[in-house]
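Trainee: What follows is a single structure, and I will ask about it in a moment.
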Amino acid sequence: MCLAIPAIVQSIEPGDMAIVAIENVRKRISTALLDSVSEGDYVLVHVGYALHLLSEEEAQQTLSLMADAGILEDELDEIRGEASCDT
Amino acid sequence: MRYISEFRDRKLADTLAARIAREAQPGRDYHFMEFCGGHTHAIFRYGVQDMMPANVHFVHGPGCPVCVLPVRRLDDALELAERHGAILCTYGDMMRVPGTGRRSLIRAKADGADIRMVYSTLDALKIARNNPGKQVVFFAIGFETTTPPTAVAIEIAKSEGLENFTVFCNHVLTPTAIGYILSSADFAPGGPARIDGFLGPSHVSAVIGSRPYEAAAERYRKPVVIAGFEPLDVMQSVLMLITQVNEGRAEVENQYTRVVTRDGNQKAQALVAKAFQLRKSFEWRGLGSVTESALRIRPEYEKFDAETRFELADKQSREVKSCECPSVLRGVKKPTECKLFGTVCTPDNPMGACMVSSEGACAAYWSYGRLRDPGKTDAA
Ligand code: SF4
């Protein structure tokens, strides 16, 4: 829960939302905490919200660190796991 | 070496280790508290402690949100689901934490309570929309990184006129906790941990900025260095702390300039200020009652406050007997000094919150600490 993961913004949606991609996972997240976001920006995503903007370099570094440390997959699972919220 | 992960840049790590060894003056000890569970994790995973000279010590702090939530609040959440029949939504980390009588959310769920793990407050809102006939409570925990998402959810609920959504708010404040730890006069038996400086949290500081730590650093004359999550960030921050201690400085420095600014994310701060106000005091596991250390929902938003909507019974909440979580969180005991550690208490069968969350100190010791050679002293 404490972790945040870098993602690239693929499209902006109405209502302060955006579709982002993290590795091969696509996710609809909120951008309500940022002043402005555009397609192609890198953002740090935490519990479904973009917390701040990142440089591409910082994003890539963080992703490869998470992969090295073996925590990337766990995070992606958590992000994929929407099982409990569709009812 | 038997660490889980190698440094990405071993050479840089070695260079930093050598500089730290040179800078750390023999004849004095350096105790640095890493506040945040993410740093605890990095320190263990990469064996950072073992790259430090023998007189540089890490003290693990209370920066794991699940760990500092007192049992009473978890018991309250159980009551919301079980007695009030609400759908209780919460982040996954919370599910296995034992409450009074070792009752956890996951057990209550198995017994039929409607408790749902969510990834985001947005999921909790969705559940509320899809279940108009039920009360839906979001069990909100966490430091300043999870507070803005809760604020946004309350704002959305208000704008949509959601009548069945409330938040059980347990958000706590990092700088206040740091100040409290330093004002250790108030500490319970066992005495304060000796602390010469702090590694400040990464993402919390991205939200609040570095400014909020300045008062505590100045008042208690202790340096704070905001550190990134990379093990190399941690090492560089330790070097910055040692330098400050040697020079008799007690400033807030920012190692993680890639992400953290002095003012932080002001939009997020404004959203939080709009929905929340300070609580007079709040109970922390391990620290006890701390003045103005947590947030509650403003009266203007009381429709969305579970504490206003539901009456919560008085209860006699108790920790699992002999769990040393409170002392571990204050930094006065190591997990291995708890007699349940590794025998009765393991991540599969946790007795305390510090073993549940991977950010918790007990879980970190369990996962990585055992890999260290028992007889080995810290060699650079
Ligand atoms: S090892 Fe288990 S019982 Fe002991 S302090 Fe840690 S969480 Fe509590």
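The values are calculated or read from the model by the stated rules, or taken from the named source; none is laboratory data. Fair warning: this is a prediction, and the values are worked out from it, not measured in the lab. As a convention, Cβ positions derive from the backbone with ideal geometry for all residues, glycine included, and neighbour counts pool all protein chains shown. In case anyone asks, the SASA skips ligands and DNA or RNA and just uses the protein heavy atoms, side chains included. Shrake-Rupley method; radii C 1.70, N 1.55, O 1.52, S 1.80 Å.
Trainee: Add +1 for every Lys or Arg and -1 for every Asp or Glu among the other residues with Cβ under 11 Å from the Cβ of B:Leu69, and state the total.
Mentor: Details: positive: B:Arg72, B:Arg73, B:Arg285; negative: B:Asp75, B:Asp76, B:Asp93, B:Glu283.
Local net charge: -1.
Trainee: Mean separation of Cα pairs under 8 Å and 6+ residues apart, divided by the residue count of chain B: what relative contact order is that in percent?
Mentor: On the way: 732 pairs, mean separation 89.7, N = 380.
Computed over chain B, the figure is 24 percent.
Trainee: Could you please report the charge total around B:Glu230, scoring K, R as +1 and D, E as -1 over all other residues with beta-carbon less than 12 angstrom from its beta-carbon? Could the numbers behind the result be given before it?
Mentor: Values: positive: B:Arg8, B:Arg45, B:Arg258; negative: A:Glu58, A:Asp68, B:Asp9, B:Asp233.
Counting the neighbours of B:Glu230, the net charge comes to -1.
Trainee: Let me ask you something else. In Å², rounded to the nearest 100, what is the total accessible surface buried by chains B and A against each other with a 1.4 Å probe?
Mentor: Values: alone 16370 and 5490 Å², together 18610 Å².
Buried area between the two chains comes out at roughly 3200 Å².
Trainee: Still on this model: Rounded to the nearest 0.05, what FRET efficiency do B:Glu214 and B:Arg83 give with R0 = 35 Å and r taken as the Cβ-Cβ distance? Could you check? List each step's numbers first, then the result.
Mentor: Details: r = 45 Å, r/R0 = 1.27.
Using R0 = 35 Å, I get an efficiency of 0.20.
Trainee: Assuming a ≥ b ≥ c are the square roots of the Cα gyration tensor eigenvalues, decide whether the range B:252-380 counts as rounded (a/c under 1.5), prolate (otherwise, with a/b larger than b/c) or oblate. Can you show the working numbers first?
Mentor: Details: a/c = 2.77, a/b = 1.40, b/c = 1.99.
Cα axes put the range B:252-380 in the oblate bin.
Trainee: Over the range A:5-80, what is the relative contact order in whole percent, taking alpha-carbon pairs under 8 Å and six or more residues apart?
Mentor: On the way: 131 pairs, mean separation 21.4, N = 76.
Relative contact order here is 28 percent.
Trainee: Where the convex hull is taken over the Cα atoms of chain B, what is its projected area averaged over directions, in nm²?
Mentor: Numbers: hull surface 74.9 nm².
Taking the Cα atoms of chain B, their convex hull projects to 18.7 nm² on average.
Trainee: Let me ask you something else. I'd like the carbon and sulfur percentage of the solvent accessible area for the range A:5-80, probe radius 1.4 Å, heavy atoms only, ligands and nucleic acids excluded. It would help to have the intermediate numbers written out before the result.
Mentor: Values: 1440 of 3260 Å².
It is 44 percent, rounded to a whole number.
Trainee: Please report the relative contact order for the range B:191-240, taking Cα pairs under 8 Å with a sequence separation of at least 6, and give it as a percent rounded to a whole number. Don't skip to the answer; put the middle values down first.
Mentor: Numbers: 40 pairs, mean separation 21.7, N = 50.
In percent, rounded to a whole number, it is 43.
Trainee: Near B:Thr100, within a Cβ-to-Cβ distance under 10 Å, what is the net charge of the other residues, with Lys and Arg +1 and Asp and Glu -1?
Mentor: Details: positive: B:Arg72, B:Arg102, B:Arg103, B:Lys315, B:Arg318; negative: B:Asp75, B:Glu319.
Taking every Cβ under 10 Å from that of B:Thr100, the sum is +3.
Trainee: If you don't mind, another one. Between B:Arg298 and A:Ile19, what is the label-to-label distance in nm when each label sits 7 Å out along the Cα-to-Cβ direction?
Mentor: 3.6 nm
Trainee: In addition: How big is the gap, in Å, between the Cα center of the range A:26-85 and the Cα center of the range B:251-296?
Mentor: What the calculation gives is 22 Å, centre to centre.
Trainee: Further, regarding this structure: Taking the mean number of other Cβ atoms within 10 Å as a proxy for protection, how do you rank B:75-85, B:345-355 from highest to lowest?
Mentor: Values: B:75-85: 19.3, B:345-355: 22.8.
Packing proxy ranking, top to bottom: B:345-355, B:75-85.
Trainee: Which whole number gives the average count of other chain Cβ atoms within 10 Å of the Cβ atoms across peptide B:113-124? Can you show the working numbers first?
Mentor: Numbers: counts 0, 1, 1, 4, 5, 6, 13, 12, 4, 9, 7, 1.
Partner Cβ neighbours, averaged per residue: 5.
Trainee: Take every DSSP beta bridge with both residues inside chain B and express the antiparallel ones as a percent of the total, to the nearest 5.
Mentor: On the way: 9 of 41 bridges.
Rounded to the nearest five, the antiparallel share is 20 percent.
Trainee: Of B:Met235, B:Ser159, B:Val259, which is farthest along the charge dipole of the protein assembly as shown in the positive direction, counting Lys and Arg as +1 and Asp and Glu as -1 at C-beta?
Mentor: The residue sitting most towards the positive pole is B:Met235.
Trainee: Report the paramagnetic label zone for B:Ala18: residues of the range B:38-79 whose backbone N is under 20 Å from a point 7 Å from Cα along the Cα-to-Cβ axis.
Mentor: B:48-56
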